[in-house]
Structure formats: structure tokens, C-alpha cells
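Derivation of every value follows stated rules applied to the coordinates shown; laboratory data play no part. Note that the structure is predicted; figures quoted are calculated from it, not measured. Virtual Cβ from ideal backbone geometry, glycine too; neighbours counted across all protein chains shown.
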Amino acid sequence: MHYAVLALQLAPDQADLLAEVLIAHGVTSFAHSVRDDGVAEVEIYGADGALPAAVARAFAACGLTVPNARVADDAELLKDYLPDQPAEVAPGLWVHPLRDGAPATALPKPETRNPKLIVAMPPVPAFGDGHHPTTRLVAQLLMESPTRGARVLDLGSGTGLLAIAAWRLGAAAVDASDLDADAVAASRAVADANGCPLRVFQSDLLDDLPADACYDLILANLYGELQEALAAHPRLDAVLPAGRMLLSGISRGKEPAVRAAWERRGFRITDMRADGFWCALALAR
């Protein structure tokens, strides 16, 4: 697979506007972060070597011209974005990259009382290596949440990093779900690399989960519009009859609407985190 990659450096307010407009136009395959020097970086991705047509419409709505994108294959993207050294995703949680099929050695078992939890990350073409702000935010909430003995669902799992971290924290059972077939395969590969008994389903939100799916904790790193759809989903009460949700992927502009949608569904907000353009919420009911 070849991908179009469009990298931009913008003023933070301009980058925030572009990100909101991209989401409004249905473009969700992008990354947004702010460097230490205050410059915002936006990278937009397109499958099959081309950007989605909606990117041009989003740029036009912001008064911007689409610059030339470069084309990269899976190997190039993984080389760029999977680091060579272990990296701390949240306090106490580290991602350990695996190169060239190297075995995951000296990884702590879930029962080990070790403040450093390590998730081995083989090179897989899926979102969630722990370096995006949305992943870091929900990982922070997870590391501070009671997880031991819980039944956990990682919804929109990408690499499955969050589900595997929950398992290492002592979750009784962990499932993962993603609409994208590549992400489903990636979650399985990462789980295998960690010896994690992760069940992975291909599902559009909660639609295609098993009929008896029932959890105590749902982790969902999804864009704001999908968060609102999840809050209104008819299966939600059966899938999470009581318990907690840790949500990320919410832009600052969408946070009030997402918060209101969950409060209407009977959840209360117990925590909120922010990192630049992105927000995360902890909910309970």
C-alpha cells in the first residue's frame, strides 16, 4: 500500500481551524500536534497514494491551497513513526518497539508489581503507537483508573495498545474492536507479540460485537462525531450497563457537544484532560 502524506507547519490557531474543518468534511486520517517552539504540525494521510477529494474542499473553506503531498509506502511510514527506542506514553507505561521480528524479552507479566508497564510494539500499519496526543491522554487516564478484574473493551483499537495496557494492569478480560480490517489485523499482531489473550472484532462502533458483549470499562479514542454517535447507540446500555468510559480524540471545539451528549445519556464527567487541540474525558454512571 502507498500513502499520500501532506505535512504542514502552521500557526496554532490556523492549524486548529484546519483540523476542525477537516473533521467536518469527513477527513479523519490526520495528526495534529504543537511543538515546543509553538509551531503546530498537521499531517494528512491518503490511501492508495492520493489524498481524499474532501481535503481540497476543506482547504478551500479555510482559504488555503493544498500543497504537494509526498507518497510513501508502509515501510517508509513505519520507519518515520515507529521509534527505535522505548518511549513513555503515560507515567509508568512504555512502548517498546520491536524491529526485524525481534522477540519481546523481559516484558512484565500482569501480576508483576512493577511501576513500569511495557507494551511491545511490532511494526504494524495502524494508528496507536503511543505518540499521538489523543493516545497519550487516554493512556494517562487509564494508568490512573482502577482496572484490576474489569472487563475492558478498546473501541477503535488501532494497534490495541490500550487494551494490552489494561491487561497488563490486571483486567480480567480484554476485547478490541475496529472498523478497519488493517487495524483488526494489527491489534491481533500486537497482542500476539505481548502474549495477550485479546479478542478482536471488526465492528462499526457497537454494531457487530457479539450478542453477549458486556463490559465494565470502555476505552474509545474516536473523533467527536463518532463519540456523539456512540453516546446515542441503541446497544450502549447492554454493552455497558454500569461502569466507566475513558474517551479521547475529541477536539476542543467539539468537547461541549460531546460532553452534553454523554450527560444526556446519564453519564457524569469525572475527569478531563487536554493537550493542545485535543481533549479526553473520563465518564461514569
- Query: Looking only at residues in the stretch 271-285 that are free of Cβ contacts under 8 Å to residues at least 60 places away in the same chain and over 16 Å from the mean Cα position of the chain (by Cα), which one is surrounded by the most Cβ atoms within 10 Å (Cβ to Cβ)?
  - Reply: Leu283
- Does Ala139 satisfy the criteria of being under 20 Å from Leu98 (Cβ atoms), surrounded by fewer than 21 Cβ atoms within 10 Å (Cβ to Cβ) and either in contact (Cβ under 8 Å) with a residue 60 or more places away in the chain or small (Gly, Ala, Ser) (or both)? no
- Which one is surrounded by the most Cβ atoms within 10 Å (Cβ to Cβ), of the residues in the stretch 24-53 that are more than 16 Å from Tyr3 (Cα to Cα) and in contact with a Gly (Cβ under 7 Å, 6 or more places away or on another chain)? Ser33
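For the stretch 171-269, please list each of the helices (runs of 4 or more DSSP H) lying entirely inside it that holds at least 3 residues being crowded, with 21+ Cβ neighbours inside 10 Å and hydroxyl-bearing (Ser, Thr, Tyr). Spell out the reasoning first.
On the way: elements: 181-194, 224-231, 236-239, 255-264.
Those helices (runs of 4 or more DSSP H) do not exist here; none qualify.
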- Message: If I ask for residues that are in contact with a strand residue (DSSP E or B) (Cβ under 9 Å, 6 or more places away or on another chain) and among the small types (Gly, Ala, Ser), which ones from the stretch 176-194 would you list?
- Response: Ala176, Ser177, Ala181, Ala183, Ala185, Ala186, Ser187, Ala191, Ala193
